[in-house]
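Engineer: Mind having a look at this structure? Questions to follow.
The values are calculated or read from the model by the stated rules, or taken from the named source; none is laboratory data. What you are looking at is a predicted structure, and each value in this text was computed from that prediction instead of being measured. Quick reminder, even Gly has a Cβ in these numbers, built from the backbone with ideal geometry, and neighbours come from all protein chains shown. Calculation scope for accessible area: heavy atoms of the full protein, side chains included, ligands and nucleic acids excluded. Shrake-Rupley method; radii C 1.70, N 1.55, O 1.52, S 1.80 Å.
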Amino acid sequence: MNQKTGTEPTSQRRILYHVVAFLVVAIWGSTFVFTKLLLLGGFSPAQIFTLRFMIAYVLLLVFCLCRGIRWMADSWKDEMLMMGLGITGGSLYFMAENEAMNHTTTTNTSLIVCLCPLFASLLIGLFYKSERLNRIQIIGTLLAAMGLVVVVLNGHFVLHLSPIGDSLAFVACLCWALYSLLMIPANARYDTIFVTRKVFFYGLVFMIPVFIVRPGLNTHLLFGQPPLLWNLLFLGCIASFLCYMAWNWTIKKLGAVITTNYVYFNPVTTILFAWLLLSEAITIYFIIGTVLILVGMVLSDKKTSLE
């Protein structure tokens, strides 16, 4: 056996990890339509989040019960780590993002939230020397961030500042950066399925105070309205259950920084989805921005430093 056959599967697996990360972001980029339809159907953002996470948690719990299950982490310190993942990647992130859109424009929210890879790279680099970017990767990350700005602004370089809304969007951005940071020690000590189930569980637990103030899930709206039910099932089964497992697995394989950079593709996939289903126009700014993101992603995956 020659050396090439020994290294080729590794290269193929790495391509697979990138494809999975992109597909997850593509699915998450399409969820705006399903969420919007549920909002128009009478559900609140808190109800949508809770119902989709409940579906995902039940599915994952059944899966775990069939193959054997562990209920708790090895220590209370690790259990607190799982709580942090549930808050940053679940309840607080979704509530901050959804509330931001009630106080500021969609453009502002998308631009701020999707810049989380920049903050994630800085935050993770502070705690993990092995995850720090080299010069090529820094250039790639900055190019991808520029591409994101071009795509989101789409030639309209006017931002409507809203202190409350923009602050909430920034909270959501920091939440996802923290989620990426906390996922590193969690993935190092526990398998992906266990970690993902904990994210769903604690994400739901920390929504309890919201429903104490505003009780009710409005599940009666689903009866006799199959489109609403199918939208909710897509968000729970695909966008939450499958995508969170795939995303956490990809973080374990590619690293938190590289995987989080795929968030830059979120608005790209959203626009493509709107073009395919809603016949919205593709502009030159979208093409330029997408090219910048693609080039940036290729560079950000380079392991060779110029130093």
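Engineer: Strictly greater than 31 Å: what percent of every Cα pair in the chain meets that?
Structural biologist: 30
Engineer: Specify whether the C-alpha gyration tensor of the range 202-265 places it in the rounded, prolate or oblate class, a ≥ b ≥ c being the square roots of the eigenvalues: rounded for a/c under 1.5, otherwise prolate if a/b is larger than b/c and oblate if not.
Structural biologist: oblate
Engineer: Using C-alpha positions alone, give me the convex hull volume of the range 54-108 per residue in cubic angstrom.
Structural biologist: Value for the range 54-108: 103 Å³ per residue.
Engineer: PHE119 accessible area, nearest 10 Å², 1.4 Å probe?
Structural biologist: The accessible area comes out at roughly 70 Å².
Engineer: Is the range 123-251 best put as rounded, prolate or oblate by its Cα gyration tensor, with a ≥ b ≥ c the root eigenvalues, rounded for a/c under 1.5, and otherwise prolate when a/b is larger than b/c, oblate when not?
Structural biologist: oblate
Engineer: Turning to a different aspect of this structure: Report the FRET efficiency, 1/(1 + (r/R0)^6), for LEU23 and ARG214, where r is their Cβ-Cβ distance and R0 is 35 Å, rounded to 0.05.
Structural biologist: 0.50
Engineer: Run the 1.4 Å probe and let me know the accessible area of LEU126, rounded to the nearest 10 Å².
Structural biologist: Spelled out: LEU126, probe radius 1.4 Å, area about 130 Å².
Engineer: Related question: Could you work out how far apart the two model spin labels at TRP76 and SER167 are, taking each label as a point 7 Å from the Cα in the direction of the beta carbon, and quote it in nm?
Structural biologist: In this crude label model, TRP76 to SER167 measures out at 3.4 nm.
Engineer: Which net charge results for the neighbourhood of THR109, defined as the other residues with beta-carbon distances under 12 angstrom from its beta-carbon, given Lys and Arg at +1 and Asp and Glu at -1?
Structural biologist: Local net charge: -3.
Engineer: Mind checking the per residue accessible area of the chain for me, 1.4 Å probe, whole number of Å²?
Structural biologist: In whole numbers, the chain has 50 Å² accessible per residue.
Engineer: Is the range 25-124 best put as rounded, prolate or oblate by its Cα gyration tensor, with a ≥ b ≥ c the root eigenvalues, rounded for a/c under 1.5, and otherwise prolate when a/b is larger than b/c, oblate when not?
Structural biologist: Cα axes put the range 25-124 in the oblate bin.
Engineer: Residue by residue through the range 118-128, what is 3J(HN,Hα) from phi via Karplus (6.51 cos²θ - 1.76 cosθ + 1.60, θ = phi - 60°)? Round to whole Hz and write x for glycine and proline.
Structural biologist: With coefficients 6.51, -1.76 and 1.60, one gets 4, 5, 5, 4, 5, 5, 5, x, 5, 9, 10 Hz.
Engineer: Something else now. Given a Förster distance of 51 angstrom, what is the FRET efficiency for THR10 paired with LEU126, based on the Cβ-Cβ distance and rounded to 0.05?
Structural biologist: 0.95
Engineer: Considering only LEU65, LEU23, LEU181, give the residue with the highest GNM mean-square fluctuation for the chain, with springs between Cα atoms whenever their separation is below 10 Å.
Structural biologist: Result for the chain, Cα springs under 10 Å: LEU65 fluctuates most.
Engineer: At a probe size of 1.4 Å, how large is the accessible area of MET80, to the nearest 10 Å²?
Structural biologist: 120
Engineer: Would you rank SER11, SER130, SER300 by solvent-accessible area, highest first, keeping every protein chain in place and using a 1.4 Å probe?
Structural biologist: Output order, biggest surface exposure first: SER130, SER11, SER300.
Engineer: Can you tell which of ILE284, ILE124, ILE251 shows the greatest fluctuation in a Gaussian network model of the chain with Cα springs below 10 Å?
Structural biologist: Its mean-square fluctuation being the largest, the pick is ILE284.
Engineer: Something else about it: Under a GNM of the chain (C-alpha, springs under 10 Å), which listed residue has the highest mean-square fluctuation: TRP275, TRP247, TRP28?
Structural biologist: Ranking TRP275, TRP247, TRP28 by mean-square fluctuation puts TRP275 first.
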